[in-house]
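The values are calculated or read from the model by the stated rules, or taken from the named source; none is laboratory data. All of these numbers come straight from a predicted model, not from anything done at the bench. With ideal geometry, Cβ positions are generated from the backbone for all residues, glycine too; neighbour counts draw on all protein chains shown. Note: areas computed on protein heavy atoms with side chains; ligands, DNA, RNA excluded. Shrake-Rupley method; radii C 1.70, N 1.55, O 1.52, S 1.80 Å.
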Amino acid sequence: MTYANQISSVFQTLIILNLLSMLYPNLSRGFAASLEEGKRKLAMFMTMANLIVIPLAVGIIVLGPNIIRILFQRGNFTEDSTMLVWYFVIFLAIALPINVGRELVFKSFYSIGDTKTPVINSVICIGLQIAFLIFGIWKLGIITLIVSPLVVSVPSLILGLYALSRKIGLKKMLGKMIGQQFVSTINACVMGVAVYFTLQFLHFGVLIETGIGFVVGVVVYGLLTLITQKQYLKQLKTLIR
């Protein structure tokens with residue numbers, strides 16, 4: 001779990017936290033201007049953020065074994081250890097886009113001056129996680145620790161969206177937001193398949209293979225996004241304005 005968290009924290013620190021730090025002031029200004037402008041920016045930023053984070057998560061999953069071998073596999077850290085860490089990495093990676101959505105929802109509450117709802121949300125989800133851990137360790141064993149991050153992230157996002165929708169009215173936008181996340185997910189999965197099969201034909205050493213896999217992923221996902229979500233690539237240039 002420690003090794004998996006090290007890998008996950010690198011991407012969270014370098015990409016996700018910086019991305020959210022860039023988006024929050026813009027989102028706050030949108031809500032300050034008007035409720036409709038704030039909702040529009042929330043929908044756009046949710047799509048924009050996961051346009052980056054969803055393929056990142058899929059890439060971490062597909063290239064995860066290679067990344068772990070490069071960073072840790074030496075001495076008593078064997079191939080079996082690599083695969084065990086990878087199982088943890090998979091669930092942490094799946095949680096990344098969900099966490100981004102949750103953080104944007106929470107920041108929307110802060111932008112409208114509501115600090116109470118995010119706290120209530122967090123308390124409820126912590127309670128759910130504690131109950132899951134107590135029950136899971138008894139019934140499921142080590143798998144409980146692996147899926148625990150998702151047990152917090154998924155209900156937190158759902159409850160947050162529900163509360164925010166009741167407060168500011170998001171029903172008209174939710175369908176479009178979910179649709180765009182679905183398109184990004186399909187594109188990222190196609191990218192992941194392309195990278196996976198590319199790696200099967202490479203025999204240049206783990207470092208070079210990882211680099212080639214990364215380039216293939218960027219090219220494939222970039223082309224798919226250009227075809228299916230071209231308008232969001234244009235909007236990506238305006239995120240820091």
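When segment 118-172 is filtered for residues that are under 15 Å from Ser108 (Cα atoms) and among the charged types (D, E, K, R), the ones remaining, listed by number, are Arg166, Lys167. Listed by position, the helices (runs of 4 or more DSSP H) inside segment 1-102 whose residues that are more than 27 Å from Gln231 (Cβ to Cβ) and of a type in the set (D, E, K, R) number at least 1 are 35-71. For first residues located in segment 121-132 and closer than 9 Å to Val152 by Cα and in contact (Cβ under 8 Å) with a residue 12 or more places away in the chain, partners that are among the small types (Gly, Ala, Ser) and in a helix (DSSP H, G or I) and lie 6+ apart or on another chain with Cβ distances below 7 Å form the pairs Cys125/Ser156; Gln129/Ser148. The condition of being at pLDDT below 90 and either in contact with a Cys (Cβ under 6 Å, 6 or more places away or on another chain) or open to solvent by less than 20 Å² (accessible area, probe 1.4 Å) (or both) holds for only one of Ala33, Ala49, that being Ala49.
To keep it simple, each residue is scored yes or no on (1) under 24 Å from Val183 (Cα atoms); (2) among the small types (Gly, Ala, Ser); (3) touching a helix residue (DSSP H, G or I) at 6+ places or on another chain (Cβ under 6 Å).
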{"residue": "Thr82", "(1), (2), (3)": "no, no, yes"}
{"residue": "Phe88", "(1), (2), (3)": "no, no, yes"}
{"residue": "Val100", "(1), (2), (3)": "yes, no, yes"}
{"residue": "Val105", "(1), (2), (3)": "yes, no, yes"}
{"residue": "Gly113", "(1), (2), (3)": "no, yes, no"}
{"residue": "Val119", "(1), (2), (3)": "no, no, no"}
{"residue": "Ser122", "(1), (2), (3)": "no, yes, no"}
{"residue": "Gly127", "(1), (2), (3)": "no, yes, no"}
{"residue": "Trp138", "(1), (2), (3)": "no, no, no"}
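Of all residues in segment 129-151, those being part of a helix (DSSP H, G or I) and more than 21 Å from the chain's Cα centre (by Cα) number 10. Pairs meeting the criteria (first residue in segment 70-94 and polar (S, T, N, Q), second residue open to solvent by less than 50 Å² (accessible area, probe 1.4 Å) and assigned to a helix (DSSP H, G or I), beta carbons under 7 Å, at least 6 apart or on different chains) are Gln73/Thr82; Thr82/Pro65; Thr82/Ile68.
Only one of the listed residues (Val147, Val152, Val219, Val206) is over 30 Å from Ser34 (Cα atoms) and either in contact with a His (Cβ under 8 Å, 6 or more places away or on another chain) or modelled with pLDDT of 90 or more (or both). That residue is Val219.
Looking at Ser153, Ser111, just one residue is hydroxyl-bearing (Ser, Thr, Tyr) and either within 29 Å of Thr210 (Cβ to Cβ) or without any contact (Cβ under 8 Å) to a residue 60 or more places away in the chain (or both), and that residue is Ser153. Scanning segment 105-127 for residues that are part of a helix (DSSP H, G or I), in contact with a Phe, Trp or Tyr (Cβ under 7 Å, 6 or more places away or on another chain) and over 11 Å from Tyr24 (Cα atoms) turns up Thr117, Pro118. For segment 72-119, taking the residues that are basic (Lys, Arg) and surrounded by fewer than 15 Cβ atoms within 10 Å (Cβ to Cβ), the one that is modelled with the highest pLDDT is identified as Lys116. When you check Val183 against the structure, is it within 29 Å of Thr228 (Cα to Cα) and at pLDDT 85 or above, yes or no? Yes.
Taking the criterion of being open to solvent by 50 Å² or more (accessible area, probe 1.4 Å) and not charged (D, E, K, R), the residues of segment 130-140 that qualify are Ile130, Ala131, Leu133, Ile134, Phe135, Ile137, Trp138, Leu140.
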